[in-house]
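Here, each number is a calculation from the coordinates, and none is a lab measurement. Just so you know, these numbers come straight off a predicted model, no measurement behind them. FYI the Cβ positions are ideal-geometry reconstructions off the backbone, even for glycines, and counts take in every protein chain you see.
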Amino acid sequence: MNENAKREAWSWIKSLLIALVIVFICREFIFTPVKVEGKSMMPTFEDNNRIIVSKISKLEHLDMIVFHSPVSSENYIKRLIGMPGDVVEVKDDTLFINGKKYEEPYLKANKQMIPFKQHLTEDFKVTVPNGSLFVMGDNRRNSSDSREFGFIAKKAVIGEVKFRFYPLREVGMPH
């Protein structure tokens, strides 16, 4: 092999290694793709949707987050309802956080499917302890969430959902 071919090969190898390092750093510390499994976030997300999760977002109430499940080896996607110190209450299908009423337009489709005078979410009231979060799925009647398994550790959060890239007909920012 002549000297020019060796330099060309070494240049390609360096470029590929640098690209791999950049991909690793981005995926490990900035964002990561995730596959949605299950029906707990329907209709916002369906089973097998593919999303991008930001690992550097500042979390706020009603954000959709991905976290390590406290009850299995899976990752879950749910909506962040309560932060440390919050008093979370649902009364007559209305969400209150620290006494303030929150609108939940993402529940409209599911509420329309239940019989008249029934509730999508049962009444409850909890206080979120320090270092913990309270999460619920959008498909409230079919979601394993903090109402069932309790609070999640804040450190279990992988990140906030930022973008759906599959299925192609639904590409974009989730609501």
Check: Within a Cβ distance under 11 Å of Val171, other residues only, what is the Lys/Arg minus Asp/Glu net charge?
Finding: +2
Notebook entry, point to check: When all C-alpha to C-alpha distances in the stretch 1-148 are sorted into bins of 5 Å, what percent of pairs does each bin hold, rounded to whole numbers?
Noted result: 2, 8, 14, 17, 16, 12, 8, 5, 4, 4, 3, 3, 2, 2, 1, 0, 0
Next item on the list: For every other residue with a beta carbon closer than 12 angstrom to the beta carbon of Val157, add +1 if it is Lys or Arg and -1 if Asp or Glu, then tell me the sum.
Entry: +3
Item checked: Within the stretch 33-170: Cβ-based charge dipole about Cα centre, in debye rounded to nearest 20 (Lys, Arg +1; Asp, Glu -1) -> 240 debye
Next item on the list: Go through 152-164, 103-115 and give me the packing order, highest mean Cβ count within 10 Å leading.
Entry: 152-164, 103-115
Next item on the list: Please give the length that would be gained between Cys26 and Glu3 if that part of the chain were fully extended, namely 0.36 nm times their separation in residues minus their C-alpha to C-alpha distance (nm, one decimal).
Entry: 4.8 nm
Next item on the list: At 7 Å along the Cα-to-beta-carbon direction for both Lys39 and Asp92, put a label point, then send me their distance in nm to one decimal.
Entry: 3.0 nm
Check: Can you give the helix-only mean residue ellipticity at 222 nm for the chain, where every DSSP H stretch with n ≥ 4 adds -39500 (n - 2.57) and the sum goes over all residues, rounded to the nearest 500 deg cm²/dmol?
Finding: -6000 deg cm²/dmol
Next item on the list: Evaluate the distance, in nm, between pseudo-label points positioned 7 Å from the Cα of Gln112 and of Ser57 along their respective Cα→Cβ axes.
Entry: 2.5 nm
Note to self: Whole-Hz ³J(HN,Hα) for each residue in the stretch 138-148, computed from phi via Karplus 6.51 cos²θ - 1.76 cosθ + 1.60 with θ = phi - 60°, x for glycine and proline: what do you get?
What the structure shows: 6, 8, 4, 7, 9, 9, 8, 9, 4, 5, 9
Next item on the list: Return one number: the angle in degrees, 0 to 90 and rounded to the nearest 10, between the long axis of the Cα atoms of helix 3-29 and the longest principal axis of the Cα atoms of the chain.
Entry: 10 degrees
Notebook entry, point to check: Label point 7 Å out from Glu74 along Cα-to-Cβ: which residues of the stretch 121-146 have amide N under 18 Å?
Noted result: 135-146
Margin query: As an exercise, take the mean of 1/r over every pair of distinct alpha carbons in the stretch 1-68, invert it, and state the Kirkwood radius in angstroms.
Written below: 15.3 Å
Item checked: Computed E for Asn142/Lys162 - FRET, C-beta separation, R0 25 angstrom, nearest 0.05 -> 0.50
Margin query: Could you tell me how far the Cα centroid of the stretch 118-175 sits from the Cα centroid of the stretch 57-91, in Å?
Written below: 5 Å
